[in-house]
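As structure tokens, the structure follows; a few thoughts come after it.
The values are calculated or read from the model by the stated rules, or taken from the named source; none is laboratory data. Please read these numbers as outputs of a predicted model, since none were measured by experiment. Virtual Cβ from ideal backbone geometry, glycine too; neighbours counted across all protein chains shown.
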Amino acid sequence: MTEAWAPADHRLWVAILDLGRPLAAYLAAHGSPVRYGHVRRPWPVSAYRTVYATEDGSAEMPSAGRAFTPELITALVAKGVGVAPVVLHSGVSSPEAHEAPAPERFRVPSATARWVRATREGGGRVIAVGTSVVRALETLAGSGGRVRPGEGWTELVIGPTRGVRVVDGLLTGWHDPEASHLLLLEAVAGRTFLDRCYREALDQGYLWHEFGDLCLLLPGR
């Protein structure tokens, strides 16, 4: 390690490493996935990946997409549901003190941008799988909701005031009351609908965080 420092909140440290070997190989040998306290035993990295992942890079499990299997994706496509790829590297969640979400890397290919535009123009719904997908698409959406291809880092913070321009629904995990992600969910679904969903989740004992349950938010038009 050649340099390390902590941001103002002193909770997450940033380090610059001089390893003399590829970072991926070093992490594979000495690292382990981020694990919340309710996960009682370690799981291999493969358990944290989605079936459609093509490259490494996420800091935490992209939990909204983990429930997908090849069979489920095939069934959705067979029923006419389009599945468009977006490359995402999920950042570290920040649920503890209303902190803004960390910057996240993304790549939206040209074919996906065209597909999203065609879906909207044809009267269909754009359903994001995970809050990171919402941030990526909304970062590249113009004021009229027209998505362009692009890649880079997004620092976009989405809430009810800013709203969403392109996403009509969202598949997501359950987030703590202090999580800034809830503001993004409220932007998609509205506060009243979101409150109903969370009351039901609490009543039914749904699981939060990684390896937890999912919620499909499809607000009426």
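Figures for the structure shown
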| item | result |
| --- | --- |
| Residues of region 28-70 classified as farther than 24 Å from residue 185 by Cβ, outside any loop (DSSP other than H, G, I, E, B) and of a type outside the set (Val, Ile, Thr), total | 6 |
| Residue tally, condition within 9 Å of residue 187 (Cβ to Cβ) and at pLDDT 95 or above, over region 139-163 | 0 |
| Among the candidates 100, 67, 28, residue that is surrounded by fewer than 13 Cβ atoms within 10 Å (Cβ to Cβ), modelled with pLDDT under 90 and within 18 Å of residue 175 (Cα to Cα) | 100 |
| Enumeration of residues in region 150-161 that are of a type in the set (Ser, Thr, Tyr) and either surrounded by 14 or more Cβ atoms within 10 Å (Cβ to Cβ) or part of a helix (DSSP H, G or I) (or both) | 154 |
| Total residues in region 103-123, condition in contact (Cβ under 8 Å) with a residue 40 or more places away in the chain and not in a strand (DSSP E or B) | 4 |
| Enumeration of residues in region 134-149 that are surrounded by 15 or more Cβ atoms within 10 Å (Cβ to Cβ), under 19 Å from the mean Cα position of the chain (by Cα) and assigned to a loop (DSSP other than H, G, I, E, B) | 140 |
| Residue pairs meeting the criteria (Cβ under 7 Å; at least 6 apart or on separate chains; first free of Cβ contacts under 8 Å to residues at least 24 places away in the same chain, in region 31-42; second hydroxyl-bearing (Ser, Thr, Tyr) and in a loop (DSSP other than H, G, I, E, B)) | 42/32 |
| Counted residues, region 169-200 - those being touching a Pro at 6+ places or on another chain (Cβ under 8 Å), in a loop (DSSP other than H, G, I, E, B) and not aliphatic (A, V, I, L, M) | 5 |
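Yes or no, residue by residue, for (1) at pLDDT below 85; (2) surrounded by 10 or more Cβ atoms within 10 Å (Cβ to Cβ):
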| residue | (1), (2) |
| --- | --- |
| 7 | yes, yes |
| 10 | yes, no |
| 19 | no, yes |
| 32 | yes, yes |
| 45 | yes, yes |
